[in-house]
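The values are calculated or read from the model by the stated rules, or taken from the named source; none is laboratory data. The shown structure was predicted, so the numbers you read here are calculated from the model rather than taken from an experiment. For neighbour counting, all protein chains shown are included, and Cβ atoms are generated from backbone atoms with ideal geometry for every residue, glycine included. The protein model used for the area step is the full one, side chains on, heavy atoms only, and it has no ligands, DNA or RNA in it. Shrake-Rupley method; radii C 1.70, N 1.55, O 1.52, S 1.80 Å.
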Amino acid sequence: MSEGALGRGELRDQFPILTAHPELAYLDSAATAQKPRAVLDAVQTYLTTTNANAGRGTYPWANRTTELVEAVRQRVREFLHDPEPARSTVHFTGGTTEGLRAVARDWLVPLLRDGDEILVPFTDHRANLDPWQEAQRLLAERGTSVRVRALPYQPSSGDYDHRALGDVIGPRTRFVAATHVHHVYGGDMNVHRIRAAVGPDVPICLDAAQSVGHQPVRLDDPDLDVDFVVFSGHKAMALPGTGAVWARNARGPAFEPTGWQGTPNTVGIVSLGAALDWLDAVGPDRIARWTTALTTRLTDRLRHLAPYEILGCPTSLAADAPLPPAQRRHGIVTFRHREIPSDDLGFILYSHGFMVRADSLCQAGADERDGSVRVSLHVYNTVEEIDRLSAVLTSLV
Ligand code: PLP
């Protein structure tokens, strides 16, 4: 599984924080990704040559900053292979949480009427549940009663229960919120099946926090017929405090965040442009192949170690499982040790140099007793790190 430069660690060498700490393995990229030198350089260049406010001022630095922000808006459309860039809008946010809340508050609330229903995930990241429930409360205060229904979920597959979708979709279904790749189970949530079930007219909002930057997200693919793509720039190698909402503006009113927007995070937006350039140069396909191969290598070891329980779809674990690639895990493996509490396991792993996530992972409906250990990978992780981790996990058997 060499994949050329990836196998030789050449891309890893572009991440200064990783080369400065060869004794550590960063395995928490689902929380936030490390930044390549190209992104750090773009930030440095911007701050030392151009820094000014955007959309205000008439002098060259201010004009240049405004141009840069608009260029990154266009870059987001290109990165997502937007088939109708003249129609869509891109709104910058601080991350997925803020983006989903903006869609709920500024777009969905004005759209809903008494008796309408919306379908949202109750087992995904709480950032993709809270905003829709808040919208329901806001409407209730105004005397409008809206029903929030749970997207049916199938624990055995770690996917939505697409067969049961028909039971919760009705003539008053006005909106669906879904997740592209699950942040705990790492599986592709097969949004095309939701589109097939709800029909061509119902808007779908996609939480793409775990897919953008990790795998191709192509809006020109008929299987990705969604109306909003919401993602965190910082999980796609841009600076913290960056993200975006892409809106297709084809089903329902155009997405226009309300209220005075204030000064944008100009340096974060510049970093997002540089990150998308870097990711496109490496190739989202290649990144997905690499992280999927590393994931399979880890799960192939872990599933034979009796004390470990891997969460999510058991049949996606085997390298030889008869599944289409879309159902493979995308760079995320979450597990428990049947005897060692997960927070202890997190500490033990750090004592061996592995930085993993060990808590309830912000999953809606989960509480502290649901602790687990999540290993999440990116293009800079190596076969050697996975083999070292497997050896430590084996030694804890
Ligand atoms: N949605 C998913 C699937 C996530 O994994 C995360 C973060 O882990 C979020 C939403 C929230 O992203 P942010 O903290 O950048 O707002």
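Annotations
- A simple charge model with +1 on the Cβ of Lys and Arg, -1 on the Cβ of Asp and Glu and nothing else charged puts the dipole of the range 344-397 at about 60 debye relative to its Cα centre.
- Counting only DSSP beta bridges whose two residues both lie in the chain, roughly 60 percent are antiparallel.
- Each of 60, 243, 107 was placed along the dipole of the range 41-281 (beta-carbon charges, centred on the mean Cα), and the one lying farthest toward the positive end is 107.
- Remark: C-alpha extents of the range 41-281 on the principal axes read 57, 40, 29 Å, sorted largest to smallest.
- Computed E for residue 223/residue 148 - FRET, C-beta separation, R0 25 angstrom, nearest 0.05: 0.45
- Mean residue ellipticity (222 nm) of the chain, computed from DSSP H runs ≥ 4 via -39,500 (n - 2.57), nearest 500: -10000 deg cm²/dmol
- Highest-first arrangement of 80-88, 288-296, where packing means the average Cβ count within 10 Å: 288-296, 80-88
- As a fraction of the 1.4 Å probe accessible area of the range 41-281, surface on carbon and sulfur atoms comes out at 51 percent.
- Debye, to nearest 20: dipole size of the range 25-130, +1 on Lys, Arg Cβ, -1 on Asp, Glu Cβ: 460 debye
- The protection proxy used here, the mean number of other Cβ atoms lying within 10 Å of each residue, ranks peptides 120-128, 373-381 as follows, highest first: 373-381, 120-128.
- Overall, the chain carries a charge dipole of about 320 debye about its Cα centre when +1 sits on the Cβ of Lys and Arg and -1 on the Cβ of Asp and Glu, all other atoms neutral.
- Accessible area per residue, Å², the chain with all protein chains present, probe 1.4 Å: 42 Å²
- FRET efficiency for the residue 256 to residue 280 pair, using the beta carbon distance and R₀ = 22 Å, is estimated at 0.20.
- Between the residues 353, 269, 380, the greatest Cα displacement towards the positive end of the dipole of the chain, with unit charges on the Cβ of Lys, Arg, Asp and Glu, is found for 269.
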